[in-house]
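For reference, the structure discussed in these notes is given below.
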Amino acid sequence: MKSITKTTCILPWIALDRNADTSNPAFAPCCLYQSKEKTKRSFAEYWHSTELEKIREQMNNGEKPDGCWKCFNDESSGQKSMRQSVNESRLGPHADLLDKSTKQLKPLQVKMLSGASCNLACRMCQSHVSSKVHKVWDTIGLPLKEPYQYDQESENIIRENADAVRYIDLMGGEPFYHKRIQRLIAWLVENDHARHITVYVTTNAMILDDKLISHLKRFENVVVIVSLDAVGKKHEYIRPGAVWDTIVTNIDKLRHNRLNVIIQPVISAINILCLPELIDWCQQRKLHMTQMSLVHEPAALHPKNLPTSLKHLVDKKFKAFIDEQSTDSSIEFVKKLDKHWNTKIYDYMPEWKDVYLNNTVLSQTEKDYDLYRRTLEYIKEI
């Protein structure tokens, strides 16, 4: 067996990550990999490509592939990289694959994208990611992008390699809102493949009936990543269509059935003031919170654009996320969505009232720094 080197990452030997943009559906070893390949590629073209073979060869030689620079940059700055995290759980069980030829390898880890089909119209989402948001943006005149489509090719890969597949990442939209995802889950169970597969699914936890849960229980392991941005009515405001009591009931139901639940907030200018309350809620219920996802688009809702006059209210531990010059652009964006939904943010979050009614838009230069990593550092502290 080939020796594990200081640059080894198991993902190029086992994983298929998929670009969510179905107009350019390129495969990659992971979501961080920066490929020079810009053209559309089928699974066969990618899995047998010289690019992927070169990545494996470089890692076996202790070299750093150019497209993997994000992980190596993290490590050089003292951060824990995705490469290191993945290797902790998956390198050991699959280290024997490092000396296998491409013809001997099969995809063990597949990202399955359900497209833009979604049951919620989250205020910080985008038109190409959620079908409901697409309708809202069309109504209020915001620029639209073509919605993501269901990834049939990845489903075919899972079905054709079901004996080998060990990990499936289900992402949307809302995966459970799509009937084809539910049929795929049922097929894996009925054909006795579920028992050797770990499923990771990111969901808003609004669609979880007893039949679906009974199917999920048949998998070797299930990690349900629930997107929660605030507590109670605040969460319902942020994600129109969400019902807090239903979400809490479904979380309890998942845990009662011994399915792993992880909470993942999406940090935006709208909810950053709500996060301490959410963290407290999770701690009281012994719910683990994973690294937070950060809103980059719509740009107006990036945390740095929290109105300047509200920044002093943010807990010191969150100050690092938003201690940056602001354009205050979140105010007008929030107002536009409030007009559509006939709501006012300050009815849910009173601290917004003064700035909402008397805002002054500032134009200032943005600084470039990594809020996402700072968020991860905060999560490690709690």
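Bear in mind these aren't lab numbers, they're just calculated from the coordinates by the rules spelled out. These numbers come from a predicted model, not from an experiment. FYI the Cβ positions are ideal-geometry reconstructions off the backbone, even for glycines, and counts take in every protein chain you see.
Separation of the stretch 193-211 from the stretch 131-158 is 22 Å, based on Cα centroids.
Cβ crowding within 10 Å, taken as a proxy for footprinting-reagent exposure, orders Ser329, Ser3 from fewest neighbours to most as Ser3, Ser329. With the simple spin-label model, which puts each label point 7 Å out from Cα in the Cβ direction, the Glu277 to Asn156 separation comes to 4.9 nm. In the chain, what cysteines have no partner Cβ closer than 4.7 Å? Lacking a cysteine Cβ partner under 4.7 Å: Cys9, Cys30, Cys31, Cys68, Cys71, Cys118, Cys274, Cys282. Shown for Cys9, Cys122: other C-beta atoms within 10 Å of each C-beta, ranked fewest to most, produce the order Cys122, Cys9. Under 5 Å from the amide H of Val261 lie the amide H atoms of Val224, each residue being 5 or more positions distant or on a separate chain, with H modelled from the backbone and absent for Pro and chain starts.
Taking amide H positions as modeled 1.01 Å from N, with prolines and chain starts lacking one, the residues under 5 Å from Arg41 and 5 or more places away or on another chain are Ala26, Phe27. For the stretch 11-105, the relative contact order is 24 percent, taking Cα pairs closer than 8 Å that sit 6 or more residues apart in sequence and dividing their mean separation by the residue count. Principal-axis analysis of the Cα atoms of the chain puts helix 131-140 at an angle of about 40° to the longest axis. Values [x] 48, 26, 16; [y] 31, 27, 24; [z] 36, 25, 20 are given for comparison; semi-axes √(5λ) of the Cα gyration tensor in Å, derived from the coordinates here, is the one labelled [z]. Can you flag which of Lys304/Lys339; Lys80/Lys145; Lys179/Lys344; Lys103/Lys211 are past 29 Å Cα-Cα? Those over the limit are Lys80/Lys145; Lys179/Lys344; Lys103/Lys211. Hydrodynamic analysis of the stretch 110-264 uses the Kirkwood radius over alpha carbon pairs. Inserted into Stokes-Einstein at 10 °C and 1.306 mPa s, it gives a translational diffusion coefficient of 99 µm²/s. Normalised by the number of residues in the stretch 132-259, the average gap of Cα pairs under 8 Å and 6 or more apart makes the relative contact order 20 percent.
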